[in-house]
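Remarks on the structure that follows.
The values are calculated or read from the model by the stated rules, or taken from the named source; none is laboratory data. Quick caveat, the model's predicted, so the values are computed rather than measured. Virtual Cβ from ideal backbone geometry, glycine too; neighbours counted across all protein chains shown.
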Amino acid sequence: MFYEPRKQDPKADLGLRHNPWKALVQPRPIGWISSISAEGKVNLAPYSYYNAVCEDPPMIMFSSSSRSKDTSRNILETREFVVNVVTDKLLHPMVETSRDVPHGVDEFELAGLSKKASRIVKPPGVAESPIHLECRLYKSIDIPSTDPESDYIVVIGEVVGIDIADEIISGGIVDFTSVGRLGYKDYSITANKQSVVLKPRDI
Ligand SMILES: Cc1cc2nc3c(=O)[nH]c(=O)nc-3n(C[C@H](O)[C@H](O)[C@H](O)COP(=O)(O)O)c2cc1C
């Protein structure tokens, strides 16, 4: 099979059940991003178009399919955010926080999660997550879409504070179980260099 994304629709033209794009670049790490609006409303949502960009200083990026999603909206307003690492135990609460709820709804409360005050930035982290990357907005880039519903924005943030739970540091090495996004509704778990595929409940 070969297709040109600008010219062919994988479902309508090629008979695939879903657009396969997100299944072709995987597993993707998940940036579980907490942010705060100018009025002080806290927000939490997962983004799997996410990765580390460079090291010195450390920077990360994520992209949102719309500037009007709460996360990008808040970050453009207040220029700060926290990336929380998603471990296996946090898979379901993480998915809960992806629900499309009105601006101002606190997804921490929705998913039964606790807040941990950050040291440098205003948004709190997810207390149940063992790693918090406190970030300041470095740059945002608009990306044009062929979909009139989307106005992509890429957010690049400098990691100005790194909080690692002492329990996951052993012999000077950081070790934890992380969740990655596969295609469709599947997730991978990476622990001690072994990966397995999880089929989480349908939500
Ligand atoms: C695992 C996972 C990864 C996601 N990754 C992205 C992403 O990279 N970009 C995006 O725009 N939406 C992504 N979403 C959807 C958003 O989380 C969802 O639209 C959410 O409601 C946005 O919340 P917000 O408006 O509070 O920022 C993802 C959802 C899940 C479950």
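Among residues of the range 167-178 that are part of a loop (DSSP other than H, G, I, E, B), those with a Cβ under 9 angstrom from a residue that is among the polar types (S, T, N, Q), sequence gap 6+ or separate chain, pair up as D175/N192; F176/T87; T177/T87; T177/T190; T177/N192.
Residues that are within 24 Å of S140 (Cβ to Cβ) and in contact with a Lys or Arg (Cβ under 6 Å, 6 or more places away or on another chain): does the range 96-115 have at least one? Within the range 96-115 (the criterion being within 24 Å of S140 (Cβ to Cβ) and in contact with a Lys or Arg (Cβ under 6 Å, 6 or more places away or on another chain)), the answer is yes, since at least one residue qualifies. Among the residues in the range 126-145, are any modelled with pLDDT under 95 and not aromatic (F, W, Y)? Within the range 126-145, one or more residues are modelled with pLDDT under 95 and not aromatic (F, W, Y).
Examine the range 34-49 for a residue that is outside any strand (DSSP E or B), within 15 Å of the chain's Cα centre (by Cα) and not β-branched (V, I, T), and state whether such a residue exists. Looking through the range 34-49, at least one residue is outside any strand (DSSP E or B), within 15 Å of the chain's Cα centre (by Cα) and not β-branched (V, I, T). Per this entry, D88 is not counted among residues that are modelled with pLDDT under 95 and within 12 Å of the ligand (Cβ to nearest atom). Here the condition is being of a type in the set (K, R), more than 15 Å from the ligand (Cβ to nearest atom) and farther than 21 Å from Y184 by Cβ; of R67, R17, R6, it holds for R6 alone. Taking the conditions (1) closer than 24 Å to P58 by Cβ; (2) hydroxyl-bearing (S, T, Y); (3) loosely packed, with under 15 Cβ neighbours inside 10 Å in turn, S129 satisfies each one other than (3). Would you be able to say whether some residue in the range 70-80 is touching a Ser or Thr at 6+ places or on another chain (Cβ under 8 Å), more than 23 Å from P130 (Cβ to Cβ), within 11 Å of the ligand (Cβ to nearest atom) and not in a helix (DSSP H, G or I)? No, every residue in the range 70-80 fails to be touching a Ser or Thr at 6+ places or on another chain (Cβ under 8 Å), more than 23 Å from P130 (Cβ to Cβ), within 11 Å of the ligand (Cβ to nearest atom) and not in a helix (DSSP H, G or I). Considered as a group, the residues in the range 153-176 that are under 22 Å from M94 (Cβ atoms) and under 16 Å from the mean Cα position of the chain (by Cα) include one that is farthest from the ligand (Cβ to nearest atom), and that residue is V159. Any idea which residue in the range 123-139 is farthest from A38 (Cα to Cα), counting only those that are part of a strand (DSSP E or B) and in contact with a Lys or Arg (Cβ under 9 Å, 6 or more places away or on another chain)? Among those that are part of a strand (DSSP E or B) and in contact with a Lys or Arg (Cβ under 9 Å, 6 or more places away or on another chain), it is H132.
Conditions (1) modelled with pLDDT under 95; (2) within 25 Å of D142 (Cβ to Cβ); (3) surrounded by 17 or more Cβ atoms within 10 Å (Cβ to Cβ), marked per residue:
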residue	(1), (2), (3)
G15	no, no, no
G31	no, yes, yes
A38	no, yes, no
P46	no, yes, yes
I60	no, yes, yes
